[in-house]
1. Name the one entry in Ser157, Ser145 that is in contact with a strand residue (DSSP E or B) (Cβ under 8 Å, 6 or more places away or on another chain), touching a residue at least 24 places away in the same chain (Cβ under 8 Å), small (Gly, Ala, Ser) and within 25 Å of Thr103 (Cβ to Cβ).
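The values are calculated or read from the model by the stated rules, or taken from the named source; none is laboratory data. Keep in mind the model is a prediction, meaning the values are calculated, not measured. FYI the Cβ positions are ideal-geometry reconstructions off the backbone, even for glycines, and counts take in every protein chain you see.
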Amino acid sequence: MRRALVAITGLAASTTALVVLKAAPGTSQVAQELPAGQAPAAPVPDEPSPDSSAAPTSRAPAATRSPRPERRASSSPTPRPTATGATRTSPTPRTSTAAPRPTVRTVTGPVVSNEFGNVQVQITVSGSRIVDAVAVELPEKTAQSARRSEDVNSRYSGTSGMVVARQGADLDTVSGATATSGSYRQSLQAAIDRARG
């Protein structure tokens, strides 16, 4: 048992001697980096006497070098300086919460004539949706035709009229104003075709 202990101590001593020799000036610094507080084991003679139980008193000087401080990983990368000295950071993407506004345009249909006069319709389109309709011209030759034209206009035109509600020229005929209703639908359909074309 004592021989095994002496052999282990001898191996530790020879390793320490190697480390100390390599730590001499002009040699590699790898061997100098021992953990702080760990002293090398003392060298042991090649053939110890059987009655020596104490460890030898001579020790090689321990290489003292403070361990390197650990690098802490930073949570964000450090910006690298550019050639001009300004720091470069990655651009932050711009996010837009508002949707792009649709194009609003006004389209006028052709003049459609009937026995009572001319009818022409103009629509306002936002994107592909009709948002308003206006009768630019309606028959007004007589009081009766003016009254019927007013009925057609109030039923079809405006932002809350039948044209906006149905989003097309499929409109109900206004009672007593069949010719004006038909002319209105024709001019309206042509305006819708122009807006979509």
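1. Being in contact with a strand residue (DSSP E or B) (Cβ under 8 Å, 6 or more places away or on another chain), touching a residue at least 24 places away in the same chain (Cβ under 8 Å), small (Gly, Ala, Ser) and within 25 Å of Thr103 (Cβ to Cβ) holds for just one of Ser157, Ser145, which is Ser157.
Residue-by-condition table, conditions (1) modelled with pLDDT of 95 or more; (2) assigned to a loop (DSSP other than H, G, I, E, B):
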position: Ala146; (1), (2): no, no
position: Ser160; (1), (2): no, yes
position: Val163; (1), (2): yes, no
position: Ser175; (1), (2): no, yes
position: Arg185; (1), (2): yes, no
position: Ala191; (1), (2): yes, no
position: Arg194; (1), (2): no, no
